[in-house]
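Presented below is the structure to which this report refers.
The values are calculated or read from the model by the stated rules, or taken from the named source; none is laboratory data. None of these values were measured; they are calculated from a predicted model. Positions of Cβ are generated from backbone atoms using ideal geometry, with glycine treated the same way; all protein chains shown enter the neighbour counts.
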Amino acid sequence: MRIGPPPPRPGDSWADVHKGGGGSRHKGARETGGATRPSVFIVEDEEALREVYSGFLPLNGFDVVGEASDGHDAVLQVGALARRPDVILMDHRMPHKSGIEASKEILARDPGVSIVFVTADMSVERQARDVGAKAVLVKPFAMDELAQALRQVTAAAK
């Protein structure tokens with residue numbers, strides 16, 4: 001029995017799911033039809049959004065392999081993962097270390113990882129791309145835009 005609001009669906013906007021949401025935490029890669037699902041590491045300081053992403057992504061063909069609540073923890077955790085994520089979903093404004101700073105450090109260690117940057121600040125789009133983000137989503141965005149961006153980035157990396 002599920003308590004709380006239903007998980008986000010494709011077409012839900014960021015504003016809709018930002019008010020609440022949830023879902024179970026899915027960790028580790030799963031096999032589907034003989035292929036491994038793309039893996040995503042979530043970096044977001046707002047717990048409600050981490051929960052929304054963690055609930056939404058597995059329903060849309062992605063495995064969530066980890067989460068961090070700030071850029072500093074993201075750098076540490078991504079470096080310690082046994083399996084490199086295919087994509088890092090990176091927020092911009094966070095305590096301790098911004099998404100820009102964390103992206104620079106992660107990409108310096110592993111230039112092959114893809115970063116999809118999410119921000120409410122349109123002025124950082126160019127900076128995010130300059131440090132290596134493969135896509136930038138400006139909040140608010142529809143959840144199907146997120147899934148589409150992740151699919152495009154993982155397909156381009158193959």
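The residues on offer are Gly61, Gly55, and the sole one that is assigned to a loop (DSSP other than H, G, I, E, B), in contact (Cβ under 8 Å) with a residue 40 or more places away in the chain and either among the small types (Gly, Ala, Ser) or buried (at least 19 other Cβ atoms within 10 Å of the Cβ) (or both) is Gly61.
The residue that is farthest from the chain's Cα centre (by Cα), among those in the stretch 74-96 that are part of a helix (DSSP H, G or I) and touching a residue at least 24 places away in the same chain (Cβ under 8 Å), is Gly79.
Taken over the stretch 112-144, the criterion of being at pLDDT 95 or above and assigned to a loop (DSSP other than H, G, I, E, B) is satisfied by Val113, Gly132, Ala133, Lys134.
Each residue in the stretch 104-140 was checked for being farther than 23 Å from Leu81 by Cα, surrounded by 15 or more Cβ atoms within 10 Å (Cβ to Cβ) and touching a residue at least 40 places away in the same chain (Cβ under 8 Å), and 1 pass.
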